[in-house]
1. Near the ligand (Cβ under 10 Å from one of its atoms), out of contact with any Cys (no Cβ under 8 Å at 6 or more places or on another chain) and closer than 24 Å to residue 165 by Cα, is that true of residue 10?
2. May I ask you to list the residues in segment 146-175 that are part of a loop (DSSP other than H, G, I, E, B) and away from the ligand (no atom under 16 Å from the Cβ)?
3. If you go through segment 104-112 one residue at a time, do you hit one that is away from the ligand (no atom under 15 Å from the Cβ) and not in a loop (DSSP other than H, G, I, E, B)?
4. Scanning for something open to solvent by 10 Å² or more (accessible area, probe 1.4 Å) and closer than 19 Å to residue 216 by Cβ, does segment 82-104 turn up at least one residue?
5. Checking the structure you have, find out if any residue of segment 91-98 is part of a helix (DSSP H, G or I) and not aromatic (Phe, Trp, Tyr).
6. Going residue by residue through segment 26-44, is there one that turns out to be closer than 18 Å to residue 162 by Cβ, open to solvent by 20 Å² or more (accessible area, probe 1.4 Å), at pLDDT below 95 and within 13 Å of the ligand (Cβ to nearest atom)?
7. Being within 16 Å of the ligand (Cβ to nearest atom) and open to solvent by less than 70 Å² (accessible area, probe 1.4 Å) narrows it down to one of 208, 178, so name that one.
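The values are calculated or read from the model by the stated rules, or taken from the named source; none is laboratory data. For clarity, every value in this text was computed on a predicted model and none was experimentally measured. With ideal geometry, Cβ positions are generated from the backbone for all residues, glycine too; neighbour counts draw on all protein chains shown. Accessible surface is based on the protein model in full, side chains and every heavy atom, while ligands, DNA and RNA are left aside. Shrake-Rupley method; radii C 1.70, N 1.55, O 1.52, S 1.80 Å.
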Amino acid sequence: MSKNRGPVVALVPAAGRGVRLGESIPKAFVELAGRSMLCWAVDGLFESGVVDTVVVIVPEELVDRARADLPDSVVIVVGGKERTDSVRAGLAAATDAELVLVHDAARALTPPSLIARVVAELHAGRTAVIPVVPVIDTIKTVDVLGAVTGTPPRSELRAVQTPQGFDANLLRRAYRDIDGDATDDAGLVERLGERVRTIVGEPEAFKITTPWDLALARTLLGQT
Ligand code: C5P
């Protein structure tokens, strides 16, 4: 039984510098098969058929470029220094949202079906939903000198993707009440003590971060 039927707003943080990619322009504006990563990500959200409004968060100097590239209905806001600052700016522009998705522009090839599955879980009454995939490598924790301090059991670890979906009021509360930074939005919601549910992610939702990832994305699109 659905508890939420208000507007579904997708926030797309795209204001990172993308230093690890080694390109001269911010990562979200790097092109894949003739379209920016940001355009691919926004198109996927609309193709899912479950998103009412898209808010993109971009560096100040690229607002005009984003306006020219994206459909007129897309809301564009300026991002901040850290990812959480950018998401906070997007959330402030989504005042009417009942459900919020936060979706990295860098996950440009995310299948629309995954976006629809996240929203279906929210409509079913979940308040925080994240796609995850098993971790392939063994993961170690290390100290500042690189010495190993622990080996968490791999069977308990998951790599986390986006879109992450939330009841909008829960995410607003997390951004209001929790101090400090987080590498994903669910991390803030967890710190409120709220339950976050996982669903099975998709390999194509990988985050394009390094030159290797960019080569993989271009290969998947048949671009050489
Ligand atoms: O840095 P990371 O790979 O975690 O970035 C994930 C997403 O967050 C990217 O799409 C990036 O553009 C965005 N981001 C942002 N504002 C920042 C840093 C990252 O919108 N200050």
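1. no
2. 146, 147, 151, 152, 153, 157
3. yes
4. Yes - at least one qualifying residue is present in segment 82-104.
5. Yes, segment 91-98 contains a residue that is part of a helix (DSSP H, G or I) and not aromatic (Phe, Trp, Tyr).
6. Within segment 26-44 (the criterion being closer than 18 Å to residue 162 by Cβ, open to solvent by 20 Å² or more (accessible area, probe 1.4 Å), at pLDDT below 95 and within 13 Å of the ligand (Cβ to nearest atom)), the answer is yes, since at least one residue qualifies.
7. Only one candidate qualifies: 208.
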